[in-house]
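Below: one structure, written as structure tokens.
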Amino acid sequence: MTRSIYSKLVAIFLVLILALMAVVGAFLMRGVRNFYINGFYTQMQEAFSGAVMADDLRAAADEPDAAAHMAEILRANSGQLGISAGERNYFILDGETGECLTGSDPAAGAHLEITRNILTAMGGSEGYASDPGDDYMDVALPIRGESGSYIIYIFDNKGTVTDLNAELFRIIAEALAVGLVIAVLLSLLLAKTMVTPIQSLTKAAEKVAAGKFGESVENDARDEIGVLTRTFNDMAGQLERNIEDLKNAEQLRREFVANVSHELRTPVTSIRSYAETLCDAADSMDAATRQRFLEVIVGESDRMTKIVQDLLTLSKFDAGSIDFDFGMFSFEKSVKDVYNAQLLEAQKRRHNFGLEFTGELPEIRGDRARIEQVLINMLSNAIKYTPDGGRIRMTAGVKDDCVWCTVRDNGIGIPKQDIDHVFERFYRVDKARSRESGGTGLGLSIAYEIVQRHDGKMEIHSQKGKGTAITVTLPVGGPADA
């Protein structure tokens, strides 16, 4: 790949230099030619339009030896006419036949061809016509006198133009050679500048393809390659994070499957054991024992149903398909209703259970049933994990544009290392105690999802052996997108 880029860049520079020099050379030679041609005809017109030379030529045409006299006048004005032996000459032609009578180069005059301008002059008009494709320039002017008709003819073989163009071509060829050398050097330098970061990107991309996502390429350039390099680094970083997220997700999936299997295996095992016992010893079992066995089977079945229902609820949260019924309701009344609903269970455990409001609570916008589900979970956890005869306080108030409710107990508490994990699915601080109390390990996860959907937050402060305080805070106006 590298050689290909090098060769392509070198070839591009060479073609550009060749094309540039060809265009410049063509314009220069064309410009020189046009300048010389235009200068020739301008010089002739200025010379022959002058009153002195024109009058002298007309006067000479009236004399007996008119051709010689006119040739003498032209010879006297050779500087003005730019006469140069071998390149530009003057001739006196017969106005009727176009035959050369005399001139500055008799040998050339003997072989003069009848040109378009000579024909024009033979017709009585001045011949200043020019064709850039001709290898000569000429001017033919008719002169009539008493001794006859004559043509003043100036002929230029473009020798100067040819020599000048040849010199220009030589200069251009030399410049082209130097330009090609410079082009090769510049193209190699540019190719190296461009290819080096591309090579680095290629090596890094190969490592990324091999699974090494930590690779990055250093390039602080502000050009397109620099942008490409930074984009590649960002992409590699994103891939590394995505792969890590996928690994974490896979780990969570495995843990989830293991937890679900474990949670369902326990009640299934209990149901199977008690059912097999009933089948094997039904005749010898007394009614009280049979009834107790059936109650265990029903209880374990209820726990399985609760696990499945909680899993379905969480899956709906994950899929974003769970429905919320947002509306205005009294948060204060919901707190009182939940308190009253859990009061009997708290009294059964001889808890000192109290409710307190720090002020009048406003109505809020939200899903009343879901919010009450969160409050019930908070209270039921406090009742379950507080030893009998404990103290539980439910406090609610308003601050700024939010309402809050805190459930505080003096129960078993949560170890510091477990506090950050209590909202994770199936996470239990005391697994044995949780199962004995009928918990699934999903209640706080569901409560957390509900609060998040309301743009609220849940916070837990706890100390092992001293108790726990869990607080839910909800915006009065409800979630912004509801």
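Here are the numbers:
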item	result
Segments classed as helices (runs of 4 or more DSSP H), wholly inside segment 285-384, with at least 2 members that are at pLDDT 90 or above, of a type in the set (A, V, I, L, M, F, W, C) and surrounded by 12 or more Cβ atoms within 10 Å (Cβ to Cβ)	331-348, 368-384
Which numbered condition PHE426 fails, given (1) modelled with pLDDT of 80 or more; (2) assigned to a loop (DSSP other than H, G, I, E, B); (3) among the aromatic types (Phe, Trp, Tyr)	(1)
Helices (runs of 4 or more DSSP H) fully within segment 13-112 counting 1 or more residues that are farther than 28 Å from PRO132 by Cα, free of Cβ contacts under 8 Å to residues at least 60 places away in the same chain and among the acidic types (Asp, Glu)	51-61, 66-76
Sole exception among (1) in a loop (DSSP other than H, G, I, E, B); (2) at pLDDT 80 or above; (3) surrounded by fewer than 14 Cβ atoms within 10 Å (Cβ to Cβ) for GLU174, by number	(1)
Residue among GLU206, GLU215 that is farther than 30 Å from SER130 by Cα, at pLDDT below 75 and among the acidic types (Asp, Glu)	GLU215
Scan of segment 133-191 for residues that are touching a Gly at 6+ places or on another chain (Cβ under 8 Å) and free of Cβ contacts under 8 Å to residues at least 40 places away in the same chain, ordered by number	ASP138
Qualifying residue in segment 261-268 (condition: within 40 Å of the chain's Cα centre (by Cα) and either modelled with pLDDT under 75 or surrounded by 15 or more Cβ atoms within 10 Å (Cβ to Cβ) (or both))	no
Residue in segment 113-124 that is among the charged types (D, E, K, R), closer than 21 Å to ILE37 by Cβ and crowded, with 16+ Cβ neighbours inside 10 Å present	no
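The values are calculated or read from the model by the stated rules, or taken from the named source; none is laboratory data. On a predicted model such as this, the values are computed, not experimentally measured, just so you know. Counting neighbours? That spans all protein chains shown, and the Cβs are built from the backbone with ideal geometry, glycine included.
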